[in-house]
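Asker: First the structure, which I've put down as structure tokens, then a few questions once you've had a look.
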Protein chains: 4
Amino acid sequence: MQVGLVGLGKMGGNMGERLREAGHTVVGYDTDPELSDSESLTAMVEQIGTPPRVVWVMVPDTAVDTVIDELAGVLGEGDVIIDGGNSRWIHDAPRARRLAERGIEYLDCGVSGGVWGITQGYALMVGGDEGTVAKAQPIFDSLKPAGEFGFVHAGEHGAGHFAKMVHNGIEYAIMQAYAEGWELLEAAGHVRSVRETFNSWREGSVIKSWLLDLAVNALNEDEHLDRLAGYAEDSGEGRWTVEAALDLAVPVPAISSALFARFASRQDQAPAMKMIAAMRNQFGGHTVRDVAAGPEHVEAAPGEEPAHPAEQ
Amino acid sequence: MQVGLVGLGKMGGNMGERLREAGHTVVGYDTDPELSDSESLTAMVEQIGTPPRVVWVMVPDTAVDTVIDELAGVLGEGDVIIDGGNSRWIHDAPRARRLAERGIEYLDCGVSGGVWGITQGYALMVGGDEGTVAKAQPIFDSLKPAGEFGFVHAGEHGAGHFAKMVHNGIEYAIMQAYAEGWELLEAAGHVRSVRETFNSWREGSVIKSWLLDLAVNALNEDEHLDRLAGYAEDSGEGRWTVEAALDLAVPVPAISSALFARFASRQDQAPAMKMIAAMRNQFGGHTVRDVAAGPEHVEAAPGEEPAHPAEQ
Amino acid sequence: MQVGLVGLGKMGGNMGERLREAGHTVVGYDTDPELSDSESLTAMVEQIGTPPRVVWVMVPDTAVDTVIDELAGVLGEGDVIIDGGNSRWIHDAPRARRLAERGIEYLDCGVSGGVWGITQGYALMVGGDEGTVAKAQPIFDSLKPAGEFGFVHAGEHGAGHFAKMVHNGIEYAIMQAYAEGWELLEAAGHVRSVRETFNSWREGSVIKSWLLDLAVNALNEDEHLDRLAGYAEDSGEGRWTVEAALDLAVPVPAISSALFARFASRQDQAPAMKMIAAMRNQFGGHTVRDVAAGPEHVEAAPGEEPAHPAEQ
Amino acid sequence: MQVGLVGLGKMGGNMGERLREAGHTVVGYDTDPELSDSESLTAMVEQIGTPPRVVWVMVPDTAVDTVIDELAGVLGEGDVIIDGGNSRWIHDAPRARRLAERGIEYLDCGVSGGVWGITQGYALMVGGDEGTVAKAQPIFDSLKPAGEFGFVHAGEHGAGHFAKMVHNGIEYAIMQAYAEGWELLEAAGHVRSVRETFNSWREGSVIKSWLLDLAVNALNEDEHLDRLAGYAEDSGEGRWTVEAALDLAVPVPAISSALFARFASRQDQAPAMKMIAAMRNQFGGHTVRDVAAGPEHVEAAPGEEPAHPAEQ
């Protein structure tokens, strides 16, 4: 079928390619003219052909509403907009209602798979009406992996992004699990090769997974990850997952731990730890590290003998 | 080759069967005469045949030393004992030294795979000397999965069990990750079927894994897990992992979270929460729940109007 | 001075009494006619006397806007409304703007002290304009403890409730700290009397605090807290604190731990732990506890010998 | 009475001074001749005078056994050794038995109070036999604060250090609580002065405590703690507390969180976060930070458009 595709970045570009290879006609639009097949959103819609038209939007969370509002002006009754980005699920139902006033149908679709999706297929979690899902099903069928898994019509508007949000929360904690284990094995020095140990777990073990395969890929390129900084971004879904858990009184200690570890990794001098050091100094005359002195310098508090018992 | 196998429970029995199917001659011993091929450990050793003899021990952590001491009396120079149980790694090096005094060689072997190992092969992490590993390699080759993964000679004595210990620590946190996500999806009610959502993630998604497959199996049998209690045991390796991390000052918030969640699940009335309730009552005259009154009864403190602001 | 007081529950009633003892004239209103000094909010406002009038609102979060809207209809230019409840800080600025359209001034005031405030004074954290604070300062001076502490003009509208929210987040984690230590001492059995040990810490030790004093009070009444259920409510501020931290990428592992422990304490059968048990059963044929069987019954999976190694 | 005092560092020196002011005769020994009153441990013991002699040992954990072994050679029947350091409680019972063979009595005494103890008195938690405690009671009475609190005979040998260990575990979590709250208030910028807000909590509020007083002292010296590094040591008791909790299956999420935050604060490049970054890069082509590039440089992965959705 014919599909408009807004946002031709890494994810959008790959998805367009997978769709074309499956025989669909894809008309792409991107603000970068070198990537774009059309001059404007309007031009893109005109190029798609006869209604009902399907437009897949693959842009950052912050740009989704702008794009959708512009599309709403040029699409019409029975056309379908699919938001495939990592949007916050609470925005989906209002967005669907707004579009419904013009007769435009809306689906939210969580997409997982990263750079591997172009060859292996993308996991898709879709929210919206049954009839609208049916209209777009050929697109979903081409994007998803071959076989019985990788697609779910999760529920009403927002259910797709909600499922994707929780998926990413789980992902954060699983990544943290491997990362903690890796750090511990490296720190202990009891195994000859952490890389080989991780590699051995890829079959037969209870913790075999695709993320483990990826971890081994990374270790094969840089065995002790010396070329990477201990710095990890987070992109919203982890925070939203914890917020949703707070609303529902669901304990999520592992997911939140994973998130807080990322937050801390981005702090050069952790403010909370300054306060810990300050209190220790107040009651114990403990050695504290002067921020200006760099990592190697520890300044003893007046009268401090470092060899004597601390924290009394 | 010929191998003695001590402990014919679920794990040991299955492993013996896999070894036999691979053409090895297995002489098993178990304290349960119905399972056992021989009347005693001594009889088992005699049945194995000509040295060097290999005996695989698959008994609970607490029984390992008793079994090994008895085996040490009947085995001799060049024979090999392999401890395949979930033993604590710090006991391996002393055990190896003790056996070396009699010329008996020792390997520690962490084993993963559970009830699926009999058909899919077991992941094996081995600690000990190169030469001893070579002697037992035909056994390892038959137990491990086909293909390039599933076996690692992790390092010196103890390295095998250390690797297995960390493996299980990681496993705890990964299981916790899926469990938190599952609980959140169930609590939120935004997806039509949590089971189908989990199922969809089995291909294409970043969090596809064998544990996810198993989770879906479980949901296929009992969609909302109504037949299970919210109660989870732990079997040592998780605790040892956190202890090892403490020794090395490695932060393991996700692994420890997973462990603490299991601890808490086994408490009928969490003592710490009694103390929280007690303090709340002291400063706020808060409503507290009387232990005898059951889950539905909340007794207001004298003068308490539940509708008025709490925790002030 | 003269002050209207809406909400004569435990907190409001006590505060009114403290104000009266300090010489102020308090006209109270409550939906409970037995507590109320006036028949309606309107009647209460009329009774207060000449403008500018100050009305302190001490009602549940959910009722604040209703009360304030009704007050807005009867108060006028230069009058002051103070919200002393545990309201969410993000509502304060919009509320202040809405009232400002009618010339009514607004302050948000976080209040701490619980049932002890009537004698010891309340800690007050105030948000709003300098001039408005000055108008109400006699009220604040009478409510706060004697001495130099216990009052802060925290900042603009919302700053008072924000400060109180963080205060409560800290409180959650401090309570959790004592609770964990108490549980550990009770479980270990190494000290003859946990109550006496806690009591000894009340002077000289680094962890002496008012919450410790309250904990000892509770232990003096019920040494092992046998009469309490291990069940703790939370009242919003803890969750909002974690949400604020998520927005700002501030790691708050201790505060969130405290909150999650309360969530878990309220679950009869923790859903996440059902999932852990389900996965353990899938890979290990582990013993799982049947929900119907009660706490003492553990059903072995088919073929399971409980004495054999688990989690392999 | 007369008392020998080994270790005249910050804690030992202060304690000696407090004892002298109370009228005791203190003979001190330190490896630093400038601090020492005697040339050797033997000389110190001879100077103490007639038996039964009491020797207080205030040296680092690692030196305790050396000092005690040397003292055991010069002390005799009925003499008393008190270990006042932050020693690990599991060593106390064996130590007591060893000394008992020579008729020497032993007490373990956890001491809290830091540099403030000299004037305010020290909180003391003592383990050992009733009769031995009675012999040393005049020393304890002079070291403890005036009033009814600050001293407990906690139980048998080891109970004193166990109580102190848990005390410090609680302390870690309380400090973390204030530190998280402080960081959040600083990050949010909603209160005009975090220092003044903290200061206001010192009376009337539920979280008033001595640690809060100390925090305010620190903020009064350096309002935003600009002069401190975000780096916090830990000195053993926190780790031992978590280990004890693991042994007893007691969940201690807040205490362990506090400990892990300190561990992380001492890592320049968190290894676990390198692994997170590595996995993110593998599946997402995410931007990762090159360790050599410094905190400001973020290198885009090939083909990455940072504005497009991440973690898909």
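Values in this text are rule-based calculations from the coordinates and carry no lab data. Bear in mind that the values here come from a model prediction, so they are computed numbers and not experimental data. In this analysis, Cβ positions are derived from the backbone assuming ideal geometry, glycine residues included, and neighbour counts consider all displayed protein chains.
Asker: What does the charge count around D:Ile255 come to, taking other residues whose C-beta lies under 13 Å from its C-beta (Lys +1, Arg +1, Asp -1, Glu -1)?
Answerer: Around D:Ile255, the surrounding residues sum to -4.
Asker: First measure r as the distance between the Cβ atoms of A:Thr66 and A:Ala146, then evaluate 1/(1 + (r/R0)^6) with R0 = 45 Å and state the FRET efficiency to the nearest 0.05.
Answerer: Approximately 0.80, to the nearest 0.05.
Asker: On a C-alpha basis, how far is the centre of region D:233-272 from the centre of region A:196-237 in Å? Whole number, if you could?
Answerer: Cα centres, region D:233-272 to region A:196-237: 24 Å.
Asker: Say each of A:Arg102 and C:Gln137 gets a label point 7 Å from the Cα, pointing the same way as Cα to Cβ; how far apart are those two points in nm?
Answerer: About 5.7 nm, to one decimal.
Asker: With springs only between Cα atoms under 10 Å, which of D:Met279, D:Met11, D:Met44 fluctuates most in a Gaussian network model of chain D?
Answerer: D:Met279
Asker: Can you check what the net charge comes to around B:Cys109, using other residues whose Cβ is under 12 Å from the Cβ of B:Cys109 (Lys, Arg +1; Asp, Glu -1)?
Answerer: -1
Asker: Helix by helix, which DSSP H runs in chain B go 27 Å or more along their axis at the Cα atoms and have an average Kyte-Doolittle hydropathy of 0.0 or more?
Answerer: B:159-188
Asker: So, one more: For B:Thr119, put the label point 7 Å out on the Cα→Cβ axis and report which residues of region A:201-236 keep their amide N under 15 Å from it.
Answerer: Within reach of a label on B:Thr119, which here means backbone N under 15 Å from a point 7 Å along Cα→Cβ, region A:201-236 contributes A:204.
Asker: Please list, by residue number, every one of the chymotrypsin sites (Phe, Trp or Tyr not before Pro) in region D:167-228 that is coil in DSSP and has at most 10 other beta-carbon atoms within 10 Å.
Answerer: Sparse-neighbourhood loop chymotrypsin sites (Phe, Trp or Tyr not before Pro): none present.
Asker: Could you check which residue among A:Leu228, A:Leu184, A:Leu35 shows the biggest mean-square fluctuation in a GNM of chain A with a 10 Å Cα cutoff?
Answerer: Between A:Leu228, A:Leu184, A:Leu35, it is A:Leu228 that shows the largest mean-square fluctuation.
Asker: Take chain C, connect every pair of alpha-carbon atoms lying under 10 Å apart with a spring to form a Gaussian network, then pick out the residue of C:Ala270, C:Ala173, C:Ala136 with the largest mean-square fluctuation.
Answerer: C:Ala270
Asker: What residues qualify as long-range amide H neighbours of C:Val54, i.e. H under 5 Å apart, gap of 5 or more or another chain, H built at 1.01 Å from N?
Answerer: Excluding prolines and chain starts, which carry no amide H, the hits are C:Gly4, C:Val80.
Asker: Scan region A:126-195 for GluC sites (Glu not before Pro) in coil per DSSP, keeping those whose Cβ has at most 15 other Cβ atoms within 10 Å, and list them by number.
Answerer: Those satisfying the criteria are A:Glu148.
Asker: Further question: List the pairs from C:Lys208/D:Lys164; B:Lys274/C:Lys274; D:Lys144/D:Lys164; A:Lys274/D:Lys164; A:Lys135/B:Lys208; A:Lys144/B:Lys208 whose alpha-carbon separation is above 22 Å, in the order I gave them.
Answerer: B:Lys274/C:Lys274; A:Lys274/D:Lys164; A:Lys135/B:Lys208
Asker: Once phi is turned into θ = phi - 60°, what whole-Hz ³J(HN,Hα) does the Karplus curve with 6.51, -1.76 and 1.60 give for every residue of region D:114-125, x standing for Gly and Pro?
Answerer: Running phi through 6.51 cos²θ - 1.76 cosθ + 1.60 with θ = phi - 60° gives x, 5, 7, x, 4, 9, 8, x, 9, 7, 10, 10 Hz.
Asker: Using modelled backbone amide H atoms (1.01 Å from N, in-plane), which distant-in-sequence or interchain residues come within less than 5 Å of C:Arg202's amide H?
Answerer: It is D:Gly150, by chain and number.
Asker: Then there's this: What fraction of the DSSP beta bridges in chain B is antiparallel, stated in percent and rounded to the nearest 5?
Answerer: 20
Asker: Pop a pseudo-label 7 angstrom from the Cα along the beta-carbon direction at both D:Glu130 and B:Glu223 and give the gap in nm to one decimal.
Answerer: Simple spin-label model gives 6.6 nm for this pair.
Asker: Something else: Across region D:197-204, in residue order, what do the Karplus-derived ³J(HN,Hα) couplings come to in whole Hz, using 6.51 cos²θ - 1.76 cosθ + 1.60 with θ = phi - 60° and x for Gly and Pro?
Answerer: 3J(HN,Hα) across region D:197-204, in whole Hz: 5, 4, 4, 5, 6, 6, 9, x.
Asker: Can I ask one more? Among residues other than A:Gly76 whose Cβ falls under 13 Å from its Cβ, what is the net charge (Lys/Arg +1, Asp/Glu -1)?
Answerer: -3
Asker: Counting other C-beta atoms within 10 Å, and keeping those with at most 13, which DSSP coil GluC sites (Glu not before Pro) do you find in region B:3-101?
Answerer: Within region B:3-101, the qualifying GluC sites (Glu not before Pro) (loop, at most 13 other Cβ atoms within 10 Å) are B:Glu34, B:Glu39, B:Glu77, B:Glu101.
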